[in-house]
Amino acid sequence: MKPNLDNKTISVAIATYNGSKYLGQLMESLLQQTVIPDEIFIVDDCSVDDTLEIIKSYNDKYPFIRYIVNKVNLGAIESFKLAVSNCNGVYTALCDQDDIWKPNKLEISIKTLKEIDIENKPALIYTDLSIIDNQGGLSKISFWESLGMCPERESFKSSMYGNIATGCTMVFNKHMKREMLLMPETVLMHDHWLAMIAYGFGNIKAVNLSTVFYRSHAESVTEKKRINIFRKIEVYIKLIFREDDYLLKNIYQAKSFKNMYFSRLTIQKKLVLEQFILLRDRSLIVKKIAAFRKYTN
């Protein structure tokens, strides 16, 4: 029986693109949750394989699974925004087409989110994840542990240098949904932007549990922008040796963030944001030192 979560409606937003190989496994894992979502909304980004047929088959069986098909290819960010815009839930979970959710994923996430969903602020939770390969074999039990990540150290300052909050583990409230729909097209990735909002002027909490089996390969809808989680880390490392590129895209994103949200930041966070933007014209060694010190006050 579905646990009582005060009748808060829960939506799941999915963006698909040529995901027929693994989509069925994902959908079954959503339907086997200890807390079943009230609705699942899928945006298909012009798939040319059997993805749409799979979606239609689930829609026929389960009316709370709805979908639309883009007229033109929009890419991952815009497809996720469109999916979220069609969600009616009080809480929204982002979901990748080729992952597998652990059975208590939603139950753990919603209970944690309710703890920080206060003061009419954008609120977001994210969790650790386990890495699986194409065949579903377990590669890494903990993504955070494998990369030496410690979410407890993260802050608004560190969020500008890179993102630890993986989108496929995120669940957020209606205030964060509103901010996501205002997100500019120039963001590096939607989850990175949402993390900056949450750390900047919202509420955020990391759950030190793996709730998702993340399939690491190059076929996912999000891979057009981000080859896979490990590739993303490699890119940041390689940019250290390219003075003209290092942190440049992050700084441009920070400028966009300032244009939209500067007035909503505390004085201290305004200073942190401006100092980061000023790195644009600093030397490579200064940028590297700043990145090394991102966890300091």
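The values are calculated or read from the model by the stated rules, or taken from the named source; none is laboratory data. The shown structure was predicted, so the numbers you read here are calculated from the model rather than taken from an experiment. Note that each Cβ is placed from the backbone with ideal geometry, even for glycine, and that neighbours are counted across all protein chains shown.
Key figures for this structure:
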{"read-out": "Selection from region 18-69 of residues that are among the β-branched types (Val, Ile, Thr), over 21 Å from the mean Cα position of the chain (by Cα) and not in a strand (DSSP E or B)", "value": "34, 48, 51, 54, 55"}
{"read-out": "Number of positions in region 111-153 that are in contact with a Lys or Arg (Cβ under 8 Å, 6 or more places away or on another chain), charged (D, E, K, R) and more than 24 Å from residue 176 (Cα to Cα)", "value": "1"}
{"read-out": "Residue that is closer than 27 Å to residue 175 by Cβ and in contact (Cβ under 8 Å) with a residue 12 or more places away in the chain, where the choices are 46, 87", "value": "87"}
{"read-out": "Filter result for residue 112 (in contact (Cβ under 8 Å) with a residue 40 or more places away in the chain and buried (at least 22 other Cβ atoms within 10 Å of the Cβ))", "value": "no"}
{"read-out": "Region 164-178, residues that are more than 15 Å from residue 208 (Cβ to Cβ) and not hydrophobic (A, V, I, L, M, F, W, C)", "value": "167, 173, 174, 175, 177, 178"}
{"read-out": "Residue list for region 5-17, filter: modelled with pLDDT under 95 and either under 17 Å from the mean Cα position of the chain (by Cα) or not acidic (Asp, Glu) (or both)", "value": "5, 7, 8, 9"}
{"read-out": "Some residue of region 135-142 being touching a strand residue (DSSP E or B) at 6+ places or on another chain (Cβ under 8 Å) and under 14 Å from residue 12 (Cβ atoms)", "value": "no"}
{"read-out": "Among the residues listed as 200, 167, 148, the single one being out of contact with any helix residue (DSSP H, G or I) (no Cβ under 7 Å at 6 or more places or on another chain) and either in contact (Cβ under 8 Å) with a residue 60 or more places away in the chain or closer than 23 Å to residue 246 by Cα (or both)", "value": "148"}
{"read-out": "Condition met for residue 102 (closer than 22 Å to residue 21 by Cβ, touching a residue at least 24 places away in the same chain (Cβ under 8 Å) and charged (D, E, K, R))", "value": "yes"}
{"read-out": "Residue list for region 19-35, filter: of a type in the set (Val, Ile, Thr) and surrounded by 17 or more Cβ atoms within 10 Å (Cβ to Cβ)", "value": "35"}
{"read-out": "Subset of region 259-297 (residues that are among the hydroxyl-bearing types (Ser, Thr, Tyr), modelled with pLDDT of 95 or more and either surrounded by 15 or more Cβ atoms within 10 Å (Cβ to Cβ) or closer than 21 Å to residue 164 by Cα (or both))", "value": "261"}
{"read-out": "Pair list, Cβ under 9 Å, 6 or more apart: region 268-279 residue in contact (Cβ under 8 Å) with a residue 12 or more places away in the chain, other residue part of a helix (DSSP H, G or I) and β-branched (Val, Ile, Thr)", "value": "276/251; 277/251; 279/251; 279/286"}
{"read-out": "Among (1) hydrophobic (A, V, I, L, M, F, W, C); (2) over 25 Å from residue 27 (Cβ atoms); (3) in contact with a Cys (Cβ under 8 Å, 6 or more places away or on another chain), the one test that residue 150 misses", "value": "(3)"}
{"read-out": "Some residue of region 73-81 being in a loop (DSSP other than H, G, I, E, B) and over 18 Å from the mean Cα position of the chain (by Cα)", "value": "yes"}
{"read-out": "Selection status of residue 76, at pLDDT below 95 and within 26 Å of residue 136 (Cα to Cα)", "value": "yes"}
{"read-out": "Lone unmet requirement of (1) part of a helix (DSSP H, G or I); (2) touching a strand residue (DSSP E or B) at 6+ places or on another chain (Cβ under 8 Å) for residue 193", "value": "(2)"}
{"read-out": "Qualifying positions in region 153-180 - closer than 18 Å to residue 261 by Cα and at pLDDT below 95", "value": "none"}
{"read-out": "Leading residue by the ranking (farthest from the chain's Cα centre (by Cα)) among those in region 113-152 that are modelled with pLDDT under 95 and among the acidic types (Asp, Glu)", "value": "119"}
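Yes/no matrix, rows are residues, columns are (1) out of contact with any Pro (no Cβ under 9 Å at 6 or more places or on another chain); (2) more than 14 Å from residue 199 (Cα to Cα):
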site: 126; (1), (2): no, no
site: 131; (1), (2): yes, yes
site: 134; (1), (2): yes, yes
site: 144; (1), (2): no, yes
site: 154; (1), (2): yes, no
site: 159; (1), (2): yes, no
site: 164; (1), (2): no, no
site: 169; (1), (2): yes, yes
